[in-house]
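In what follows, a structure is listed as structure tokens, so that the remarks can point back to it.
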Amino acid sequence: MTSSQTNRDGCADPARDTDPGRAGSPAWELLLPAASAPARTRGRSLQAALREAVRTGRLAPGTRLPSSRDLAADLGVSRGLITEAYEQLTAEGYLRSGRGAGTWVGGAVRAAPPRARDLAPRSPGAHADFVPGTPDLSLFPRGAWAAAQRAVLAQLPHQDLGYPDPRGLPQLRTVLAELLGRRRGVVADPERIVVVSGVAQATTLLGFALHARGLRTVGAEDPGSPQHNALYASAGVTTVPVPMDGEGIAVGPLRDSGVRAVVTTPSHQFPTGIAYSARRRTELLDWARSVDGLVLEDDYDGDFRYDRAPVGALQGLDPEHVAYTGSVSKSLAPGLRLGWLLVPQALAGEVVERKRTMDLGHPTLDQALFARFVERGDYDRQLRRCQRAYRERRDTLVAALEEHFPGAEVSGIAAGLHVIAELPHRYGPQEDFLARVAAAGVAVRPLTDYTHGRGGRGGPGGERGVRLVLGYAHLPPARIRAGVRLMAEATHG
């Protein structure tokens, strides 16, 4: 073997082997297990092994294969099996051959990556992560969920495993209507509930329905969720920022914007943490009626209020001008991809048809499982469990801020999974503060990250100094205290 036939470790390189049919060549040892398969499956096993060798790059494009006679002799199988394998893989495009020119690995196949990448959003790996929006996934009720799953698998009728009603299983829609009417005060007709894969899909469905009616813009709270822009854009709708004031979205600028639809979080505004006042709710609905418009209500954490009973959903005041959406992402886990959308009658047909063409309906097993979970009272128990844990963590965060950042002010109602913390001027400017805490391994987000164009007040040099959006639900109390202490040490240093 010449030097051109070896790699730097001195081993044969199959992509360069000028005599690949040589007995014991590493290029063909990978076929030996397939050659030892039972006689009735040996041919298929050889084809699969050779196909995989080409697909993964073990046999590189341009590699010349041994003759069928030589390879059959090396592997101890009949020449017919090798000839059949060559012909099959040539037909599929893995190999190429020419009369009198032998058989070669084709160039159509590209080597597969060694493993699948995980593009799921992850924690930044900080010592303390106060980035908002994540519940405590360790609170997921695995035992109760597994029991519900076993019961559903044992009892679900066979026909329910077929394509579902695109709105969702009637059983789940009925259960959701009762749950949402009881807990959130919505007017919930099961015929107008659509089961969706989270608020993101609900938002996109509404965007398509608005676009079909000729609307090309939708108002959005400023500051507000940064996800709305991309979700509505995917449906061909542009978001128009509308400023907030102390009572909710400012109705004057909303009228001036010319939009006829607006997305809101009235029960616990994200990120400012306020609840819309009764007056502002009335003004917002008056606006919707005056323009024959639509309010899109995202009730993302409306169940979590710690100082009093939660304020009912806006939808209950005018179901024909408010589309209501929520999910289990904050109460159970975002990975379940399970939510609901209540639509006005005028939009129901368009939304349901778009849902049908998008995915033919939500998975029936998941729907039946969640319906049973609610019916047995497990979901109410889970909400109470989360509420107790999150109230304790909020109290811990507020106390830690008071101890380590004297003069800090926490704004917004006692609810949800985050707080707004405004630090005294001496901790600014904000840009320097963020750099110092990041260097200390503490992940935080400023309020300006959620304002249109990141130009809202409270930014670097802003008159209100350092304003942070601090998530706490996913952190145990000890981690919260340690994280605030680290942040203080970084800024004092």
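The values are calculated or read from the model by the stated rules, or taken from the named source; none is laboratory data. Values in this document were obtained by computation on a predicted structure and should not be read as measured data. Methodologically, a virtual Cβ is constructed for each residue, glycine included, from the backbone with ideal geometry; neighbour enumeration extends over all protein chains shown. Just so you know, the surface numbers come from the protein's heavy atoms only, side chains and all, with ligands and any DNA or RNA stripped out. Shrake-Rupley method; radii C 1.70, N 1.55, O 1.52, S 1.80 Å.
Miscellaneous remarks
- Rel. contact order, % - alpha carbon contacts under 8 angstrom, at least six apart, the chain: 16 percent
- Taking every protein chain into account, the accessible area of region 228-270 amounts to 35 square angstrom per residue (probe 1.4 Å).
- Accessible area per residue (1.4 Å probe, heavy atoms of protein chains only) ranks LYS355, LYS330 as LYS330, LYS355, with the largest value leading.
- Counting 0.36 nm for each residue step from ALA439 to ARG279 and taking away their Cα separation leaves a gain of 53.2 nm.
- Additional length obtainable on full extension of the chain from THR83 to ARG213, 0.36 nm per residue less Cα span: 40.6 nm
- Translational diffusion coefficient (Stokes-Einstein; Kirkwood radius from C-alpha pairs) of region 184-271 at 25 °C, 0.890 mPa s, in µm²/s: 177 µm²/s
- Accessible solvent surface per residue of region 91-176, calculated while the other protein chains remain in place, 1.4 angstrom probe, Å²: 66 Å²
- Debye equation applied to the C-alpha atoms of the chain, log10 I(q)/I(0) at 0.06, 0.11, 0.14 Å⁻¹: -0.44, -0.92, -1.23
- When the helices of the chain are scored as -39500 (n - 2.57) per DSSP H run of n ≥ 4 and the total is divided over every residue, the value at 222 nm lands at -12500 deg cm²/dmol.
- Solvent-accessible area of HIS492 with every protein chain in place, 1.4 Å probe, in Å² to the nearest 10: 120 Å²
- The chain: angle of helix 199-212 to the longest principal axis, Cα-based, in degrees nearest 10: 80 degrees
- Inter-label distance, nm, simple model (7 Å from Cα along the C-beta direction), SER411/THR90: 7.6 nm
- When the Cα positions of SER267, ALA346, THR357 are compared along the charge dipole of region 254-401, SER267 comes out farthest toward the positive end, with charges on each C-beta of Lys, Arg, Asp and Glu.
- From phi via Karplus (6.51, -1.76, 1.60), per-residue ³J(HN,Hα) for region 74-81 in Hz, x at Gly/Pro: 5, 8, x, 10, 6, 4, x, 5
- Share of carbon and sulfur in the accessible heavy-atom surface of the chain [1.4 Å probe, %]: 50 percent
- Relative packing of 259-271, 167-179, which averages over residues the other C-beta atoms within 10 Å, highest first: 259-271, 167-179
- The residues TRP28, TRP145, sorted by heavy-atom accessible surface at 1.4 Å with ligands and nucleic acids left out, run TRP145, TRP28 from largest to smallest.
- Once the Cβ-Cβ distance of GLN155 and SER36 is raised to the sixth power relative to R0 = 41 Å, the FRET efficiency obtained is 0.35.
- 3J(HN,Hα) along region 30-47, derived from phi through the Karplus expression 6.51 cos²θ - 1.76 cosθ + 1.60 where θ = phi - 60°, amounts to 5, 8, 4, x, 5, 5, 8, 5, x, 4, 6, 10, 4, x, 5, 5, 5, 4 Hz, with x in place of Gly and Pro.
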